[in-house]
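Undergrad: Sharing a structure, written as structure tokens. Questions coming.
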């Protein structure tokens with residue numbers, strides 16, 4: 001209705017590029033999400049059980065990352081990290097490296113997300129009734145067993161909503177890696193629109209792809225939340 005027939009033909013011609021970009025977006029987002037969750041879990045445990053120095057470092061990390069715009073952080077971390085790595089390589093007598101755009105996007109996005117995941121998981125762990133943890137310690141559970149059998153199952157119902165939001169954010173923030181030259185959905189859309197001059201057509205198509213990703217993700221996280229809350233009173 002809003003798109004001319006000729007533009008539909010252009011969209012069909014470029015469908016492979018858009019789908020390839022969407023797949024790249026999902027790949028970057030998933031790997032960065034896993035990396036960010038790992039950082040977040042380590043950060044949350046460090047804030048709750050670490051010493052004063054570790055807590056101070058983690059506080060600086062979460063405060064700085066959450067205070068700066070994601071676009072600025074991605075550009076700074078990409079170029080600063082690349083420069084520092086190459087300086088280190090030259091100091092050690094090796095040649096400068098060409099950083100893989102995909103790996104850089106995953107690391108940078110995951111590092112940024114880790115700060116938010118730290119606070120989400122810390123809050124979820126603190127929501128666990130302390131009596132459950134004390135009872136497990138009284139039974140002589142090891143730290144790993146305590147985490148696997150008590151902390152993890154008990155914190156997930158509190159953490160899932162926040163983790164769902166972080167996933168949605170990282171799928172959208174993945175578009176920002178286009179500024180460092182990696183080709184994902186946003187950059188593929190920009191290139192297609194620039195080549196055909198059908199800007200409205202291609203950006204609407206990209207918006208629909210992002211919407212599909214988001215709606216599918218919400219259903220998956222909703223099912224996961226229902227699973228971890230099984231046997232508990234329903235909220236609302």
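The values are calculated or read from the model by the stated rules, or taken from the named source; none is laboratory data. These numbers were taken from a predicted model, which means no experiment stands behind them. Note that each Cβ is placed from the backbone with ideal geometry, even for glycine, and that neighbours are counted across all protein chains shown.
Undergrad: Would you pick out the residues in segment 187-200 that are surrounded by fewer than 21 Cβ atoms within 10 Å (Cβ to Cβ) and assigned to a helix (DSSP H, G or I)?
TA: Correct list: 187, 190, 191, 193, 194, 195, 196, 199, 200.
Undergrad: Being in contact with a helix residue (DSSP H, G or I) (Cβ under 8 Å, 6 or more places away or on another chain) and modelled with pLDDT under 90 is the filter; apply it to segment 210-236 and report the residue that is farthest from residue 167 (Cα to Cα).
TA: Ranking the candidates gives 232 first.
Undergrad: When segment 86-99 is examined, which residues are found to be surrounded by 13 or more Cβ atoms within 10 Å (Cβ to Cβ) and in a helix (DSSP H, G or I)?
TA: 86, 89
Undergrad: Find the residue count for segment 133-151, including only residues that are in a helix (DSSP H, G or I), surrounded by fewer than 16 Cβ atoms within 10 Å (Cβ to Cβ) and either at positive phi or without any contact (Cβ under 8 Å) to a residue 12 or more places away in the chain (or both).
TA: The total comes to 8.
Undergrad: Residues of segment 159-169 being surrounded by 18 or more Cβ atoms within 10 Å (Cβ to Cβ) and either free of Cβ contacts under 8 Å to residues at least 12 places away in the same chain or under 26 Å from residue 134 (Cα atoms) (or both), which ones?
TA: Selection gives 159, 160.
Undergrad: OK, next. Given the conditions (1) surrounded by fewer than 16 Cβ atoms within 10 Å (Cβ to Cβ); (2) over 22 Å from residue 217 (Cβ atoms), report the number of the one that residue 154 does not fulfil.
TA: In the conditions (1) surrounded by fewer than 16 Cβ atoms within 10 Å (Cβ to Cβ); (2) over 22 Å from residue 217 (Cβ atoms), residue 154 misses (1) alone.
Listed here are the residues, each with its yes/no results for (1) more than 19 Å from residue 29 (Cβ to Cβ); (2) under 26 Å from the mean Cα position of the chain (by Cα); (3) surrounded by 12 or more Cβ atoms within 10 Å (Cβ to Cβ).
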{"site": "62", "(1), (2), (3)": "yes, yes, yes"}
{"site": "78", "(1), (2), (3)": "no, yes, yes"}
{"site": "81", "(1), (2), (3)": "yes, yes, yes"}
{"site": "101", "(1), (2), (3)": "no, yes, yes"}
{"site": "106", "(1), (2), (3)": "no, yes, yes"}
{"site": "118", "(1), (2), (3)": "no, yes, yes"}
{"site": "130", "(1), (2), (3)": "yes, no, no"}
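Undergrad: One residue is enough: does segment 109-132 have a residue meeting the conditions out of contact with any strand residue (DSSP E or B) (no Cβ under 8 Å at 6 or more places or on another chain), in contact (Cβ under 8 Å) with a residue 12 or more places away in the chain, part of a helix (DSSP H, G or I) and farther than 28 Å from residue 160 by Cβ?
TA: no
Undergrad: Something else now. Quick one: how many residues across segment 27-36 are in contact with a helix residue (DSSP H, G or I) (Cβ under 7 Å, 6 or more places away or on another chain) and either surrounded by fewer than 20 Cβ atoms within 10 Å (Cβ to Cβ) or free of Cβ contacts under 8 Å to residues at least 40 places away in the same chain (or both)?
TA: 2
Undergrad: State whether one or more residues within segment 68-75 are more than 12 Å from the chain's Cα centre (by Cα), assigned to a loop (DSSP other than H, G, I, E, B) and at pLDDT 80 or above.
TA: Within segment 68-75 (the criterion being more than 12 Å from the chain's Cα centre (by Cα), assigned to a loop (DSSP other than H, G, I, E, B) and at pLDDT 80 or above), the answer is yes, since at least one residue qualifies.
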